[in-house]
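Here's the structure we're looking at; comments come further down.
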Amino acid sequence: MFRNRYVSYNHRQNYIRRPRNTLSIPSHTILNNGRNTEINDQEVYTHENDVSDDTYVEMEPDNDERYGAFNERMGVVSREESSEMMNEVFDNETSSEEFDDDEISSESFDDDETTSEEFDVNETSSEEFNDEEASSGDVSEDKPDEIVDEPLCNEKMPPINGEFAPYFNNITEALMFCWIQKHNIYVVTNIRRFRKHRQRLPLLPIRSRSIHISDKKTSSTSQRIKDMYYLSITDIIWYTLNNPSLFSQMYFGPGQQVERNQELWHGDLWKESPRFGQASIKINGVIYNSGDFIVYRESATRIGRILAIVRSSGILKIKIQRTLVFNELPNNLQSNNRRERTHGREVWLLDQNVENATIITDLQAIVRHITITILYENNTNEYSSIIIREILYKYHGRWKLRNVAYSYQHPSEFAALKDPETNLPVYKLYIDLYYDDFGTFRNVYHTLGGVYIQIGNLPFNKRKQLKNYFVLGFVPFGGKFNEFIEPFIVEMKQLEEGKIMDIQGNQSFVIASLGDVTADLPQGNDLAGVKRHAAAKGCRTCNMTKDSWTSDNVDMLLVSRYHHLTDSQFGEISATQNIVRREEIAAGYELCIQPSILDELKRERHLQSPHDVYHATAGKVLRFLKITIDALSLEGKSSFIIFWRSFDYPRIWQKLPNPISHINSFMMSDCLRLGMMIPFIFNRFLKPQHFKRSELTSFQQRTGISQSDLAVKLWLKCWVLVAKMMKMAFMHSFTDDDYAKLRECLDNERRLLSRAFKDFENLPNLHVSFHLMQHAKNYATLLNTSVETKEMVHRIFKNIVSQTNQKNVNLDLLKRYTTLFALRHLFDGGVDNHFSSSNNALTNLSSHLKRLINDWFITREFFDLDISEDLHEELALAYHDMGYESAIFGNFYQFYEYVCFLVEDNDTIIQYRLHVGEVVTIMAENDDRNFVIVRSIFSHQRNNQHYAFIIVDWFEITNQMKLECPIYKLRIANEHRRIFPISKVDTHSTAHFIHNCNDGCVEGNHDLGNNSYIRNLYFFTAV
């Protein structure tokens, strides 16, 4: 559906590689510990042979700054000049800094390194050699995984002295290496000597194993067995925890009860799961576990269930789910049968989604344990005197009871974990796994399956950075995900039980568990073991049939998929011996023949495989955009293009493709951006005559509206609902009221679109609206499980493919990744295990690379203008804001079209660009936030140093609304200051104002007498 228009295919000259030599080394031994195992007897994971932490240096603004000054020093040079410069750097090294020729062996270099003397066109590449070997037999399960790329051992490290030792001789060499790696430049004649510098770094070891290749995707002459390459999840975790800049930002502890939910530990899954939050607590000498039933004091003594142990305002508290006795049930549900069952000591659970179903109480309110059995199946427990069979809930405002089997189990039931009995620090890691295919070439059908992980313990502002996405590897074209992910599963099983690691110089107990699995709609179903959405019940979260996906008359709680019920269905499928009958049973449940390999880990397959709001929303907007454009007449399309071109978009946006002629080239981010603006574009011109008569008539018949002008307003309302839902879905934090608004937006959008447009009936992208509310509460926000930033990782690797020799793309991409990973680890002060210390020179390297103008601006055009005496007084106030009590004023000022300045945001240096005419938020008196429009940007000289200022006009809000957005007016008489230093601009605030055009505005030329503006409440940062 979406195409990447930014990727070009560059032909590169291929060269023949020598067969690589691999070292067969067994993977790290990780002890499988039972819960009662003595922890002190375990082997400590120190990672002696592997070192690194990683980043995507490209695409990150702070990394651009890190190398920016060096690029400026290099200037614009030709390829020959650049080659001479680099050869001079590397060839001028003394003999003590490099190895003798006899010391250099083929094992010490990358697979693709050759010298001019060794180049032989008759040599076969390592890939061809390996493929011929692999095709001759089947995959051997006993064959150990091989390490095909790793750093040099201590004995082979060069004897280099200096502040950058043992990696580089001096700062010039370090900067040169970083520049070449960042831009993937190959202009060094002696490539062998240059590659030796890479192997000095603390690289992540790259491992390989053979997997089967499907003949359904590849040609008949292709090998059926090939090598795949991957990184160890244990290695990644070790390097991440030993990266000081990352480790200091991580959160380890119980779920937090806050007013605004933003982080993963604010969501229900983290709070309730003993694998991420707090598993137990001791009260008056008694241990209470999450998931236990207890007697507690409220207004009276009651029975409840401990849902979670949470931290509220720094104090540990208990979140309890209420239970009800027979007399507390609604009168219409107090049947004689339930009254009789009460004598057998039966109680009822109150559904968590019901108001006042849960309570946060102090530890002192807990009285004692009580034994209660939840009958998920129709059986009894002879050891329990109290049972639960049903749950009280509301459906369309009416009280109902459902079988307790139709509910999600508490995480303590499917992912149990007892707190380890140890005095060591315990770190529980939340692993977010992402899998998606991406095309490696523009005009050739060849895909790779990118498999990435994130550490959910990092805050959101860190997880959204590209450098904090860690690569496991790439599924080869035609390969199977299940075979590729096997090493990950084996390691994760061991990490689920816990492992002692050397973290920040101290022995620590590390537990890692799978938190969520994200993917697009089809592959997400595969990872949950559910047939894809083309099936009759192709939703991985519920059992609704596709002909009722947008219906409003389905009790979702009764048709949802639940892990324990799906387990029973898979058990029924596997117990059947006849393959035909097995397929029939699987088709009846709309399940795959076998469960997903990820089910071997402790997870709830349906709850922890959330739908991605990014794919779902972008696909929905694209479909609505196509429907609207197809419904426009020729006159309507012409008018739409005129107003689309003249619309006042945010200046920081790139130009969008033409939605009429290039609709099929739209990327997902393009769809979201246009969706924010299109209600205001249509509002400026849309009339009945702009629609095709047949399309408008069909719309009127479906909606029951007789007047054409009212039909146009309803069409516009549909776009307003879509934009409003987008804004709500991509909010960075949620309160309880926000959750209620999100549910209302999702329901209103689903009902109106499915009623008004046939193409939206039973659309999978619209059906997921039923489940987004649940995902938002489980993970605090929908952004925590969306994949917009992960899609950008695809683009990074996609752009690198054209710069490789395209012989073994999987390995080449991983080598480039591990190189950048190692550089990032050193920059962040990570310890190289070879030397048990960090390199301070590399840690402080970023300070050498900041731009010379470390405060503000890059100019485009400037001109001279005199400032009045009144503004002189305001300029003095602006200097006062900056801490200068007096200033020497001159009469010469330089005015600019825009200004760029660096801002430090969460330890990251980002570049902020401010244009004349933009609306920004100013921190004015009493720290109040006010919207202003930038009228001028100018610089003024004080003591031979230039300072940047802005001149603004203020907005004031009115009581008018348009398209459910407030209308503001520019103040004619400015009673407030107009000159501020650029430091007063709130760079975290995003606001977009649109001119409220009248008849005097023609094709983007606004009426200067009209000071009315609409604040776009639907504006947000798409990516």
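The values are calculated or read from the model by the stated rules, or taken from the named source; none is laboratory data. Just so it is clear, the model here is predicted, and its values are computed rather than measured. Glycine gets a Cβ as well: all are built from the backbone with ideal geometry, and neighbour counts include every protein chain shown. Accessible surface areas use protein heavy atoms only, side chains included; no ligands, DNA or RNA. Shrake-Rupley method; radii C 1.70, N 1.55, O 1.52, S 1.80 Å.
Please go through (1) buried (at least 19 other Cβ atoms within 10 Å of the Cβ); (2) assigned to a helix (DSSP H, G or I) for Pro659 and return the number of the only condition it doesn't satisfy.
(2)
Which condition number does Asp215 fail, the rest of (1) open to solvent by 10 Å² or more (accessible area, probe 1.4 Å); (2) of a type outside the set (Gly, Ala, Ser); (3) more than 30 Å from Asp149 (Cα to Cα); (4) assigned to a loop (DSSP other than H, G, I, E, B) being met?
(3)
Residues in region 552-568 that are touching a residue at least 12 places away in the same chain (Cβ under 8 Å) and assigned to a loop (DSSP other than H, G, I, E, B): how many?
Number of matching residues: 4.
If Thr172 satisfies all but one of (1) open to solvent by 50 Å² or more (accessible area, probe 1.4 Å); (2) closer than 26 Å to Asn810 by Cα; (3) of a type in the set (Val, Ile, Thr); (4) modelled with pLDDT of 75 or more, what's the number of the condition it fails?
The number of the failed condition is (2).
Just wondering, is there one or more residues in region 264-271 that are at pLDDT 95 or above, in contact with a Leu (Cβ under 7 Å, 6 or more places away or on another chain) and either surrounded by fewer than 21 Cβ atoms within 10 Å (Cβ to Cβ) or assigned to a helix (DSSP H, G or I) (or both)?
yes
Name the helices (runs of 4 or more DSSP H) wholly within region 751-846 that hold at least 1 residues that are over 30 Å from Ser208 (Cβ atoms), among the aliphatic types (A, V, I, L, M) and open to solvent by less than 10 Å² (accessible area, probe 1.4 Å)?
Filter on region 751-846 gives 764-767, 769-778.
What number of residues within region 329-359 satisfy the criterion of being free of Cβ contacts under 8 Å to residues at least 12 places away in the same chain, farther than 25 Å from Gln774 by Cα and either touching a Phe, Trp or Tyr at 6+ places or on another chain (Cβ under 8 Å) or in a loop (DSSP other than H, G, I, E, B) (or both)?
3
How do the pairs read when you match residues in region 692-708 that are in a helix (DSSP H, G or I) with residues anywhere that are surrounded by fewer than 11 Cβ atoms within 10 Å (Cβ to Cβ), using Cβ under 7 Å and keeping only pairs 6 or more apart or on different chains?
Sorted first by the residue in region 692-708, then by its partner, the pairs are Gln700/Ser706.
Quick check: is even one residue across region 371-390 open to solvent by 40 Å² or more (accessible area, probe 1.4 Å), more than 25 Å from Asn799 (Cβ to Cβ), outside any loop (DSSP other than H, G, I, E, B) and touching a residue at least 40 places away in the same chain (Cβ under 8 Å)?
Checked region 371-390: at least one residue is open to solvent by 40 Å² or more (accessible area, probe 1.4 Å), more than 25 Å from Asn799 (Cβ to Cβ), outside any loop (DSSP other than H, G, I, E, B) and touching a residue at least 40 places away in the same chain (Cβ under 8 Å).
Here is a list: Glu964, Glu975. Which entry is open to solvent by 70 Å² or more (accessible area, probe 1.4 Å) and at pLDDT below 90?
Residue meeting the stated conditions: Glu975.
Could you please find all residues in region 572-594 being within 27 Å of Ser769 (Cα to Cα) and open to solvent by 60 Å² or more (accessible area, probe 1.4 Å)?
Tyr589
Residues being aliphatic (A, V, I, L, M) and either surrounded by fewer than 21 Cβ atoms within 10 Å (Cβ to Cβ) or more than 21 Å from His410 (Cβ to Cβ) (or both): count how many of those fall in region 595-607.
Count: 1.
I'd like the full set of residues that are within 16 Å of Lys428 (Cβ to Cβ) and aliphatic (A, V, I, L, M), limited to region 489-540.
Passing the criteria: Met492, Leu495, Ile500, Met501, Ile503, Val510, Ile511, Ala512, Leu514.
Restricting attention to region 506-546, report how many residues are outside any loop (DSSP other than H, G, I, E, B) and touching a residue at least 24 places away in the same chain (Cβ under 8 Å).
Qualifying residue count, region 506-546: 22.
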